[in-house]
Amino acid sequence: MAGGTGTRPGSRIARVELHEFGYTVDNLGVDASGNRCVMKGAKSELSAFAVVIETVDGERGEYCSVHSGKNGVMVGQVRGLVPHLLGEDAEAREAIYNKLKRLHRHFMAVGHSALDIALWDLAGKSAGKPVWRMLGGYRERLPVYASTLNGGRHGILDSKEAYGDFAEQCLALGYRGFKIHGWGEGDAREEAENLLHCARQVGGRMTLMYDAASELKTFADAIHVGKACDEGGYYWYEDPFMDAGWSPHAARQLKEHVKTPLLLTEHVRGLEAKAPWITERATDFTRTDPDYDMGITGAMKIAHLSEAFGLDCEIHAAGPAQRHCMAAMRNSNWYELSLVAPGVRNPVPPVFGSGYSDELDAIGADGCFPVPTDPGLGVAYDWDFISRNRKALQVFTLEK
C-alpha cells in the first residue's frame, strides 16, 4: 500500500463516489471542426462528472471537473483508476500520484487529475485551510483575461467587427486582457485580419493574446498569422497549427520567423513530457492545467520546473483548482476566464456555490478574480442540481 507503515488507519480511503450528470447551454453549438462555438438559437447538452472521496474516519474531498467537452474521455479513466485508490492513505498524495501515473501511462493519465484534486480538497478541509495556503501562498487576487469561445457564423462573433466590439465590452467591464479563439475553418487570411482589426480597436488599452487551437492547416499559414501577431503587438501566440502542439522542432522553426512569444505544451501531458520543450527552447511560456496534468500535484511540479528555467507557466482554463494553483505561483501572469462570448453563459457546470463564479460579470474593479478562502477548494457544490440531473452514479467501497 502506498501509505506504508506510517499510514493512519482513519486516513485510509474507504469510499469513492462518481457522479455523472448533464446540463444545457443556450446559444452554444458545434462547428465543422468539432469545436464548441457560439451559435445563435442553438442548444447544447453537455456532460459533467463529480468525484467524492471519503476516508475511514469520515473526512471528505469533492471535485467537479470544469472541462465539459472532455468529460466523456476523462470519466472513463477515473472509473478505471478508482479501485486502485481504495485503501490508500489519503494524506499520501505524492505516493498516489506516482502509483496512478504508472497505472495510466498508456492513457496520458488525464483521469488521474480529478482524483488528485479531490484529495487536495480533502486535505485542505482536514487542515482547515484553503489549498493555495497549503501550497505555499503567493497572492489572493488573480489578474484575468477574457478568453473567447470559438467564433460562429450565426449572429455571435461572426465577424472581425463582432470580436472588436466584444473586446470593447470586456474592457468596459474591467478586463485588462483579451484572448481570441477564431473560427473553426482556420482560414489564415481571415484570422490575420481579425487579429489586426482587434489590435487597431483595443490594442494599447488591453493585452491581446491569440490561440489558433491547432486550426491553421500549414506551416506557411502559421507564419502568416504569426506575422499579424507581430504587427498587432500580441502578448503570445498559442498552439498555432495542425501539429496539435506536439512538435518541439516545428515550434523552433516557427520561432525563426515570428517574433511574438509562443505559448505551447497545453496538449503535452505531464512533467517529464514538457521538460524537452524547455530544454530545447521550443516555447517561450509553458502551459499547465490541473484537470489535464495529473491534478494539482502535477500542475505545481510543472510550475516549479518552469520556474527553475526562468520561464513563466500559464494556467489553462477557469476553475477552482486553477485558481488555487495560480495563487501559489509567482511565475504566472494571467487567469484565463474561459470560455466567454456575448449572450452566452460560461459553459462550465452550473454547480458552484460559496459566491464562486466564472461568469463574465464576476470581474473585480481591479481587473482580478479572487481566490477562494474557505478550507479545501473553498467552494460548496450544488448537490441538489447534480442529483436532479444525474445520469449515472457509481459507488466504490473498501472491503472490510
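The values are calculated or read from the model by the stated rules, or taken from the named source; none is laboratory data. On a predicted model such as this, the values are computed, not experimentally measured, just so you know. No Cβ is skipped: glycine too gets one built from the backbone with ideal geometry, and neighbour counts run over all protein chains shown. Note: areas computed on protein heavy atoms with side chains; ligands, DNA, RNA excluded. Shrake-Rupley method; radii C 1.70, N 1.55, O 1.52, S 1.80 Å.
Which of the residues belonging to the range 172-192 are among the charged types (D, E, K, R) and open to solvent by 10 Å² or more (accessible area, probe 1.4 Å)?
Result: 176, 185, 187, 189, 190.
Restricting attention to the range 341-400, and to residues there that are closer than 20 Å to residue 78 by Cα, assigned to a helix (DSSP H, G or I) and of a type in the set (A, V, I, L, M, F, W, C), which single residue is most open to solvent (accessible area, probe 1.4 Å)?
For the range 341-400, the residue satisfying everything is 383.
Could you list, in sequence order, the residues of the range 237-250 that are at pLDDT 95 or above and touching a Ser or Thr at 6+ places or on another chain (Cβ under 6 Å)?
Of everything in the range 237-250, those that are at pLDDT 95 or above and touching a Ser or Thr at 6+ places or on another chain (Cβ under 6 Å) turn out to be 237, 239.
How do the strands (runs of 3 or more DSSP E) wholly within the range 10-129 filter down when requiring 2 or more residues that are surrounded by fewer than 19 Cβ atoms within 10 Å (Cβ to Cβ) and not basic (Lys, Arg): which remain?
Once the strands (runs of 3 or more DSSP E) in the range 10-129 are filtered for at least 2 residues that are surrounded by fewer than 19 Cβ atoms within 10 Å (Cβ to Cβ) and not basic (Lys, Arg), what remains is 13-30, 36-55.
Quick check: anything in the range 327-339 free of Cβ contacts under 8 Å to residues at least 60 places away in the same chain, farther than 26 Å from residue 52 by Cα and open to solvent by less than 10 Å² (accessible area, probe 1.4 Å)?
Within the range 327-339, one or more residues are free of Cβ contacts under 8 Å to residues at least 60 places away in the same chain, farther than 26 Å from residue 52 by Cα and open to solvent by less than 10 Å² (accessible area, probe 1.4 Å).
Mind telling me which of the residues 297, 265, 279 ends up being polar (S, T, N, Q), touching a Leu at 6+ places or on another chain (Cβ under 9 Å) and at pLDDT 95 or above?
297
Of the residues that make up the range 309-328, is at least one part of a strand (DSSP E or B), modelled with pLDDT of 95 or more and of a type in the set (Val, Ile, Thr)?
yes
Is it true that residue 195 is in a helix (DSSP H, G or I), under 24 Å from residue 367 (Cβ atoms), of a type in the set (A, V, I, L, M) and open to solvent by less than 60 Å² (accessible area, probe 1.4 Å)?
yes
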